[in-house]
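Chemist: Encoded as structure tokens, here's the structure I'll be asking about.
The values are calculated or read from the model by the stated rules, or taken from the named source; none is laboratory data. Just so you know, these numbers come straight off a predicted model, no measurement behind them. Here Cβ is always computed from backbone atoms with ideal geometry, including for glycine, and neighbour counts include all displayed protein chains. For accessibility, only protein heavy atoms count, side chains too; no ligands or nucleic acids. Shrake-Rupley method; radii C 1.70, N 1.55, O 1.52, S 1.80 Å.
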Amino acid sequence: MALEPANNIQDLQYFGEFGGVNPSISDSSTYTFLSAKTMFDTFEGNADGCYLYSRHTTPSNLYLGEALAAMEGTETANVSASGMGAITPVLLQLCDANDHIVSSRTIYGGTYAFLKNFTPRFNIKTSFVDITKLDAVEAAITENTKVLYCESVSNPLLEIADIKGLADIAKKHDLKLVVDNTFSPLSISPAILGADIVIHSLTKFINGSSDTVGGVVCGTQEFINDLRNVNNGACMLLGSTMDSLRASSILKNLRTLHIRMQKHSKNAMFLAEKFENDGLKTVYPGLKSHPSHNLFKSMMNKQYGFGGMLTIDAGSLEKANELMEMMQDKNLGYLAVSLGFYKTLFSAPGSSTSSEIPEEEQKVMGLSDGLIRFSIGLDADIKRTYQMMKECMVKIGILHLNQIEKECN
Ligand SMILES: *Cc1c(COP(=O)(O)O)cnc(C)c1O
């Protein structure tokens, strides 16, 4: 169904109350009921289409949620105030005290910190595994395991999860497979491949303008109802609801996601091939040298490419910092965390977004000091960008002119 996820988004129509081409924004925290009976029924969860209170949901949030559910091919979705505001209630909804989670060890730093430092307070334990090794994943499952957690394309190492393989394991052991698809919207459709729940940080590619944080949980109507249940729903009770004004602005940006992803992917592919040719240690799922290149190819919706994220190794943190500062001086991008912006963003994950992960563990997972994570922007002239980046790399000595001359001859 979601083989053309962008069509699924485009085919939805929402009009404003006066025929506006964009839906009207619901500018209310609370809603009137014509009868007391309907209000009672709504509290009991039995009044479909009735709005109660904006922490529960709003018409604007529903429009955005339905568009994202159409993109992922799930029954419905619930939007939240941030990506972490989507991830944390999902895990707390699925796990009781004494339950266990098997998670990829290369995940977003905030998610890692939540599982490592926060959920143990509720005696929810997590085993972190190499998600690319299905036997290691299965071996970590215990009788208390409830959730298998991973990112389709992992942060920051760009490891690829075999979603079909993981879904088979999840089914066999009666677990929920939860996939964070933030790095690969449109390119990969985890629910179509067997994931039970798909999460995004909308902050990144989906919104794309680095002006807000936001998140979404895509899943079955039953699970989303559970999350929003007034008596025991983690979204409702923890309160990480998105504001309607934000939902309406993100929906407008979602309209151009397919074009942006194609350009991010095209630019990233161009740079990755050049960097690798120049002899830089480059990781990009679109490169044949990527250990999971074929796996990504087998899962992807081809027209959106391999995504906008790539990494290079500058050799040391000092060189990485020097290069990033120089590139920023030349206006090639910004030294900033986050991703999915029109401008290229770069950071050294070991000392920033993944600094929650202890140094020894960073080493084990292959997260080196000199690693630079790039979110490649929508540059109109990527050849010029490459030339200018190369000049920076030669200047700080991580690329040598003779290497490049060899390539040119
Ligand atoms: C940014 C990010 C998150 C967290 O999202 P926020 O919107 O910052 O709360 C979760 N997962 C991944 C993969 C991310 O990149």
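Chemist: Can you confirm whether region 275-285 contains a residue that is modelled with pLDDT of 95 or more, within 16 Å of the ligand (Cβ to nearest atom) and part of a loop (DSSP other than H, G, I, E, B)?
Modeler: Within region 275-285, one or more residues are modelled with pLDDT of 95 or more, within 16 Å of the ligand (Cβ to nearest atom) and part of a loop (DSSP other than H, G, I, E, B).
Chemist: Here is a further query. Would you say S104 is within 12 Å of the ligand (Cβ to nearest atom) and of a type in the set (G, A, S)?
Modeler: When the stated conditions are applied, S104 passes them.
Chemist: Out of curiosity, is T88 more than 15 Å from the ligand (Cβ to nearest atom) and β-branched (V, I, T)? Working first, answer last.
Modeler: Values: more than 15 Å from the ligand (Cβ to nearest atom): no; β-branched (V, I, T): yes.
No: the conditions fail for T88.
Rundown of residues vs (1) over 26 Å from I160 (Cβ atoms); (2) assigned to a helix (DSSP H, G or I); (3) more than 20 Å from the chain's Cα centre (by Cα), yes/no style:
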{"site": "E322", "(1), (2), (3)": "yes, yes, yes"}
{"site": "M326", "(1), (2), (3)": "yes, yes, yes"}
{"site": "V337", "(1), (2), (3)": "no, no, no"}
{"site": "T353", "(1), (2), (3)": "no, no, no"}
{"site": "E361", "(1), (2), (3)": "no, yes, yes"}
{"site": "V364", "(1), (2), (3)": "no, yes, yes"}
{"site": "L367", "(1), (2), (3)": "no, no, no"}
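Chemist: Tell me, which residue of region 354-377 that is open to solvent by 20 Å² or more (accessible area, probe 1.4 Å) and touching a Gly at 6+ places or on another chain (Cβ under 9 Å) is farthest from I107 (Cα to Cα)?
Modeler: Looking only at region 354-377, we keep the residues that are open to solvent by 20 Å² or more (accessible area, probe 1.4 Å), and these are 355-356, 358-361, 363-364, 366, 368-369.
Add one more test, that the residue is touching a Gly at 6+ places or on another chain (Cβ under 9 Å), and what stays is 355-356, 359, 368-369.
Values: S355: 12, E356: 11, E359: 15, S368: 15, D369: 17 Å.
My answer is D369.
Chemist: List, please: which pairs have Cβ atoms under 7 Å, are six or more places apart or on different chains, and start with a residue in region 385-401 that is under 18 Å from Y334 (Cα atoms) and among the hydrophobic types (A, V, I, L, M, F, W, C) and end with one that is surrounded by 13 or more Cβ atoms within 10 Å (Cβ to Cβ) and modelled with pLDDT under 95?
Modeler: Here the result reads M393/L399, each pair linking region 385-401 to a residue that is surrounded by 13 or more Cβ atoms within 10 Å (Cβ to Cβ) and modelled with pLDDT under 95.
Chemist: Out of all the residues in region 246-261, which are crowded, with 16+ Cβ neighbours inside 10 Å and not aliphatic (A, V, I, L, M)? Full working, then the answer.
Modeler: Filtering region 246-261 for residues crowded, with 16+ Cβ neighbours inside 10 Å gives 246-251, 253-254, 257-258, 260-261.
Result: R246, S248, S249, N253, H258, R260.
Chemist: Mind checking whether some residue in region 382-392 is at pLDDT 95 or above, assigned to a loop (DSSP other than H, G, I, E, B) and either farther than 20 Å from F306 by Cβ or open to solvent by 20 Å² or more (accessible area, probe 1.4 Å) (or both)?
Modeler: no
Chemist: Among the residues of region 350-399, which ones are among the β-branched types (V, I, T) and under 29 Å from T132 (Cβ atoms)?
Modeler: Result: T353, I357, V364, I372, I376, I398.
Chemist: Which residues, counting only those in region 288-306, are under 15 Å from A161 (Cα atoms) and either open to solvent by less than 40 Å² (accessible area, probe 1.4 Å) or part of a loop (DSSP other than H, G, I, E, B) (or both)?
Modeler: The answer is H290, P291, S292, H293, F296, M299, M300, F306.
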